[in-house]
Amino acid sequence: MDFVELEAVEGLRWSWNSWPSSKSDLIIPLTIMCTPLSQQGTDLPLLSYDPLLCTRCGAVLNPYARLDYQSRIWHCPFCSQRNPFPRSIADANLPAELFPTYTTVEYSSPSIFHPPGFVFVIDVSSPQDELCLLKNEILLVLHNLPDNALVALVTFDSMVYFHDLQFSHCSRIVLLHGDRQFSSDQIRQFLNISRPHQLHIGQTQPVPKQGFLVPISESEFSITAAIEDIHSTYNFRSGSRPPRSTGAAISAALGLLECCFVNTGSRIMVFTSGPATLGPGLVVDSDFRQSMRTHNDIFNGNVRHHAKSCSFYRQIAKRLSDASVVLDLFACSLDQVGAAELREPVECSGGFMILAESFESDQFKKCLRHLFKHDDEGFLKMNFDATIEIVTTKDVRISGALGPCVSLRKKNASVSETEVGQGGTYVWKLNTLTDRTCIAFFFQVSDEQKIQPSSAFLVQFITRYRQGNTGLRKRVTTAARRWVANHSTDIAAGFDQEAAATVMARLAILRAETCHARDVVRWLDDTLIRFTSKFGDYVPEDPSSFRLSSNFSLYPQFMFHLRRSQFIDVSNTTPDETAYFRLMLNREGVVSSLIMIQPTLFQYSFDGPPIPVLLDIRSICPDSILLFDSFFLVVIHYGSKIAQWRKLGYEKDPNHENFRKLLEAPEVDAEQLVAERVPVPKIIRCDQHSSQARFLLAKLNPSVTQNSTYTDGSDIIFTDDLSLQVFLDQLQILAVQG
């Protein structure tokens with residue numbers, strides 16, 4: 001069974017593709033990794049009429065429905081309800097949603113157009129040179145916005161500054177204190193925005209008359225002038241951090257969108273180069289004698305402001321969800337900026353988080369420009385105000401979801417009492433949605449009645465979203481699988497070890513939010529032992545007899561790399577970096593997540609084309625080049641001989657054309673990796689035995705260490721960690737003990 005081909009058709013990856021007909025402890029939960037807007041080719045039908053819904057369960061007409069042509073009735077495959085078919089139908093004019101090959105269809109319905117809103121929140125405590133670079137990038141972005149887009153400008157240091165973009169006589173700014181939190185009513189009062197009028201049913205609230213959130217077509221000159229007039233208030237004082245009221249600025253920007261009723265799609269884009277030092281969301285005091293918090297500080301409760309700041313941003317996340325506003329964080333600094341505290345509102349709203357060193361970096365520039373890309377028709381490639389609804393057959397229960405979504409707490413008979421992540425619902429809210437957004441949905445088998453093995457069950461995903469600056473869309477994907485007996489071999493045959501590793505990674509980082517790293521590793525190890533004990537073939541108490549079938553053989557290796565990864569082992573990362581890594585793992589699909597868990601390694605040599613090699617210290621050779629991809633980093637590692645020849649300039653000699661081509665090949669492949677990925681990974685070029693080689697060595701299997709027997713000149717890793725072989729040997733011993 002080719003799971004990648006199935007994903008290309010359905011946009012789904014199932015941890016188990018055959019489900020047991022009664023409750024069974026499979027160790028790894030029944031999960032579907034859903035990418036609602038996955039690019040499924042050009043043959044996805046776009047239907048310009050409203051979908052037909054089942055009057056009982058709300059399922060949409062699909063290829064598994066049974067039709068009665070004479071009485072014009074369709075039988076819902078989810079609840080067996082008989083529903084009227086409103087138009088005449090025959091074999092010759094079947095609607096697209098009934099074609100067997102169209103398990104995914106998309107409906108387009110006309111709606112009242114709501115222009116997107118963009119609030120640029122800029123930290124003016126940044127140094128002047130950094131601020132100039134940032135202003136140039138924002139001005140480029142403004143030129144790419146549609147004419148009807150609403151734009152607001154908020155700057156902050158110790159105060160929060162609202163820029164009036166329609167006051168033509170001079171530059172007019174409203175100042176707010178940066179040490180307080182702002183509600184929409186307070187912002188309405190401070191900015192003198194009129195209260196809304198009572199509307200009739202079906203009417204939408206227009207944007208009130210004011211000068212702070214305005215269409216770019218009406219005030220492009222004043223917006224450009226306001227941005228160009230921004231100057232740094234950074235005043236370096238020894239022993240003191242610059243004043244920043246980041247939390248107050250975010251709550252004020254959100255209050256502006258709330259009181260202007262831009263609740264069908266908008267973004268708050270925060271650009272900062274340091275931590276908040278006052279007001280709500282405070283990260284660290286301005287006195288440099290207080291150091292930035294570490295993981296140990298947070299876990300031991302030795303941080304004065306962390307819990308209070310997280311509580312404040314939790315409230316912000318709730319307001320963002322209610323108003324369908326996306327929060328993006330572009331943090332460019334050599335130090336931490338408070339991304340760990342900001343993770344929840346950014347993740348729950350589906351926003352971008354970029355951690356770079358400078359506003360001049362390619363990472364920042366490419367990510368910002370990618371965000372404002374246009375499609376072939378000139379519309380912004382942004383989707384807002386989405387919901388995902390799941391409809392299942394009666395024997396399937398929905399436990400919850402992990403990813404950039406929020407539970408709407410809507411319950412029906414298919415919702416399980418056991419909750420995982422965002423649970424207690426069959427509908428989830430997403431403030432934004434891209435073609436890469438991936439949600440992990442968890443399910444259980446109902447034990448209310450006996451299920452007949454070999455019978456089919458269905459799961460339908462109904463995704464509603466507002467496409468860019470056009471109308472409403474509804475994409476419907478219906479997938480079918482079969483129930484099998486509890487001890488059937490079909491269960492093992494339908495196991496997708498790549499999807500399962502991704503699911504376990506998301507569950508591990510969920511557990512890591514409240515548990516110490518060693519407890520998470522212990523839980524992963526315990527789960528792996530029970531899993532291999534259940535699905536391995538062995539003679540009890542005989543480790544040498546232990547075997548795993550090909551469907552399971554890579555899974556222990558994935559777990560080995562997961563427990564050593566930066567998602568679990570946080571000893572060498574800051575809380576901000578950990579928040580960023582976990583946020584990305586929680587939203588990417590199976591392929592990208594697997595690269596994060598177990599990076600790829602390719603070897604380039606004179607012997608032939610590049611080949612994949614083991615992620616092992618033994619793969620380093622003096623006369624080869626390695627290309628390492630961990631999703632966040634791309635490392636080009638030159639062997640010692642290659643590095644020496646390069647320093648001597650051999651590639652410039654026409655007699656060494658092959659050497660020049662060898663040097664070019666990994667560079668070309670690395671650029672392709674960087675071009676296709678967002679956020680843009682950092683490219684590191686290093687030589688064998690150099691300090692930068694640590695980025696590669698940290699991820700390699702330590703099969704040769706200081707305690708091993710090795711030859712002089714060969715690479716070793718100085719560590720006490722277990723190697724993969726020792727890990728697997730220990731696993732076999734524990735698994736066969738039953």
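Along the Cα-to-Cβ line of N412, 7 Å from the Cα, sits a label point; which residues in the range 448-473 have backbone N less than 11 Å from it?
460, 462, by backbone N distance to the label point.
Could you calculate the FRET efficiency of F221 with H177 from 1/(1 + (r/R0)^6), where r is the beta carbon distance between them and R0 is 35 Å, rounded to 0.05?
0.70
What 222 nm value per residue comes from the helices of the chain, counting each DSSP H run with n ≥ 4 as -39,500 (n - 2.57) and dividing by all residues, nearest 500 deg cm²/dmol?
-8500 deg cm²/dmol
I want to check the label-to-label distance for N302 and C132. Put each point 7 Å from Cα in the C-beta direction and report it in nm to one decimal.
Here the modelled spin labels are 4.2 nm apart.
I need the shape label for the range 474-521. Rule: rounded when a/c is under 1.5, else prolate if a/b > b/c, else oblate, with a, b, c from the alpha carbon gyration tensor. Walk me through the numbers on the way to the answer.
Details: a/c = 3.33, a/b = 1.58, b/c = 2.11.
It is oblate, given that a/c is not under 1.5 and a/b is not larger than b/c.
Give the long-range amide H neighbours of I73: residues separated by 5 or more places, or on another chain, with amide H under 5 Å away, using H modelled in the peptide plane at 1.01 Å from N.
Sorted by chain and number, the residues that satisfy this are D68, F85.
Where a ≥ b ≥ c are the square roots of the eigenvalues of the C-alpha gyration tensor, would you call the range 382-490 rounded, which needs a/c under 1.5, or, failing that, prolate if a/b is larger than b/c, or oblate?
prolate
HN-Hα J couplings of the range 514-522 from phi, Karplus 6.51/-1.76/1.60, θ = phi - 60°, integer Hz, Gly and Pro as x?
10, 10, 6, 4, 5, 6, 5, 4, 4
Antiparallel versus total DSSP beta bridges in the chain: what percent is that, nearest 5?
For the chain, the DSSP antiparallel bridge percentage is about 65.
Give me the net charge for the shell around T463: Cβ to Cβ below 10 angstrom, other residues only, Lys and Arg +1, Asp and Glu -1.
Once all neighbours under 10 Å are counted, the net charge is +2.
Would you pull out the residues with amide H under 5 Å of S240's amide H, same chain only if 5 or more places away, H placed 1.01 Å from N?
Excluding prolines and chain starts, which carry no amide H, the hits are F288.
Full-extension gain between S194 and T489, please, as 0.36 nm times their residue separation minus the C-alpha to C-alpha distance.
Full extension from S194 to T489 adds 99.5 nm.
When only the heavy atoms of the protein chains count and the probe is 1.4 Å, how do H689, H656, H75 rank by accessible area, highest first?
From most accessible down to least: H689, H656, H75.
Once the piece of chain linking D362 and S71 is laid out straight, how much longer is it, given 0.36 nm per residue of separation minus the C-alpha distance between them? Before the final figure, lay out the partial values.
On the way: separation 291, 0.36 × 291 = 104.76 nm, distance 6.26 nm.
Contour length minus Cα-Cα distance gives 98.5 nm.
Rounded, prolate or oblate for the range 29-83? Axes are the square roots of the Cα gyration tensor eigenvalues, ordered a ≥ b ≥ c, and the cut-off for rounded is a/c under 1.5.
Working: a/c = 2.48, a/b = 1.43, b/c = 1.74.
Here the range 29-83 falls in the oblate category.
Could you tell me the accessible area of Y650 in Å² (1.4 Å probe, neighbours in place), rounded to the nearest ten?
Probe radius 1.4 Å; accessible area of Y650 about 90 Å².
Taking a probe of 1.4 Å, how large is the accessible area per residue of the chain, in Å²?
With all protein chains present, the chain gives 44 Å² per residue.
Could you compute the FRET efficiency for S240 and T527, with r as their C-beta to C-beta distance and R0 at 51 Å, rounded to 0.05?
On the way: r = 48 Å, r/R0 = 0.95.
That pair, S240 with T527, gives E of 0.60.
Can you sort R397, R56 by solvent-accessible area, 1.4 Å probe, largest first?
Largest accessible area first, the list is R56, R397.
Got a number for carbon plus sulfur as a percent of the chain's accessible area, 1.4 Å probe?
For the chain, the apolar C and S fraction of the accessible surface comes to 50 percent.
Around G424, what is the net charge, scoring Lys/Arg as +1 and Asp/Glu as -1 over all other residues with Cβ under 15 Å from its Cβ? Intermediate results must be reported in sequence, preceding the final value.
Values: positive: R397, R409, K410, K411, K429; negative: E389, E417, E419.
Taking every Cβ under 15 Å from that of G424, the sum is +2.
Out of residues 5 or more away from S18 or on other chains, whose amide H comes under 5 Å of its own, with H placed 1.01 Å from N in the peptide plane?
Long-range HN contacts for S18: G494.
When the Karplus curve 6.51 cos²θ - 1.76 cosθ + 1.60 is applied with θ = phi - 60°, which whole-Hz ³J(HN,Hα) does each residue of the range 290-301 get, with x for Gly and Pro?
Each residue's phi maps through the Karplus curve to give 8, 7, 5, 5, 10, 4, 4, 4, 5, 5, 8, x Hz.
At a 1.4 Å probe radius, which order do R481, R304, R87, R506 fall into by accessible area, largest first?
Numbers: R481 25, R304 175, R87 90, R506 0 Å².
Ranking R481, R304, R87, R506 by accessible area, largest first, yields R304, R87, R481, R506.
N192: net charge of surrounding residues, Cβ under 15 Å, Lys/Arg +1, Asp/Glu -1, itself excluded?
Around N192, the charge tally is +2.
Between F606 and S454, 0.36 nm times their residue separation minus their Cα-Cα distance comes to what?
49.4 nm
From the residues V539, L458, S549, which one has its Cα farthest along the dipole of the chain in the positive direction, the dipole being from +1 and -1 charges on Cβ of Lys/Arg and Asp/Glu about the Cα centre?
L458
Going toward the positive end of the dipole of the range 29-179, with +1 on Lys and Arg Cβ and -1 on Asp and Glu Cβ, which of F167, P36, Y64 do you reach last?
Y64
Within the range 1-34, find all residues whose amide N lies under 20 Å from a label point positioned 7 Å from the Cα of D447 along Cα-to-beta-carbon.
Hits in the range 1-34 for D447 at 20 Å: 19-31.
According to a simple spin-label model (label point 7 Å from Cα along Cα-to-Cβ), what is the distance in nm between D50 and H295?
It is 5.2 nm.
Counting Lys and Arg as +1 and Asp and Glu as -1, each charge on the Cβ, what is the dipole of the range 37-178 about the Cα centre in debye, to the nearest 20? All intermediate terms of the calculation are to be shown ahead of the outcome.
Values: 7 positive and 13 negative charges, 168 e Å.
Taking the Cα centre of the range 37-178 as origin, the dipole is about 800 debye.
Tell me the label-point distance for the pair V4, L648, using the 7 Å Cα-to-Cβ offset, in nm and rounded to one decimal.
For the pair V4/L648, the computed spacing is 4.0 nm.
Report, in debye and to the nearest 20, how large the dipole of the chain comes out about its Cα centre when Lys and Arg carry +1 and Asp and Glu carry -1 on their Cβ.
Once rounded to the nearest 20, the dipole reads 2040 debye.
Please work out which option in [x] 33; [y] 23; [z] 55 gives percent of Cα pairs over 48 Å apart calculated from these coordinates, and answer with its label.
It is the value labelled [y].
If you take the charge dipole of the range 562-720 about its Cα centre, with +1 on Lys and Arg Cβ and -1 on Asp and Glu Cβ, which of P654, P679, V635 is farthest toward its positive end?
P679
Work out from phi, with θ = phi - 60° and the Karplus expression 6.51 cos²θ - 1.76 cosθ + 1.60, the ³J(HN,Hα) of each residue of the range 325-332, listed in order in whole Hz, and give x for Gly and Pro.
Per-residue couplings from phi come out as 10, 9, 10, 10, 10, 10, 10, 10 Hz.
When the Cα centres of the range 111-183 and the range 603-659 are compared, how far apart do they sit, in Å?
47 Å
For an R0 of 41 angstrom, estimate the FRET efficiency from the Cβ-Cβ distance between S691 and D25 and round to the nearest 0.05.
About 0.30, to the nearest 0.05.
The values are calculated or read from the model by the stated rules, or taken from the named source; none is laboratory data. Being a predicted model, the structure only gives us computed values, none of them experimental. No Cβ is skipped: glycine too gets one built from the backbone with ideal geometry, and neighbour counts run over all protein chains shown. These accessible areas exclude ligands, DNA and RNA; they are computed on the full protein's heavy atoms, side chains included. Shrake-Rupley method; radii C 1.70, N 1.55, O 1.52, S 1.80 Å.
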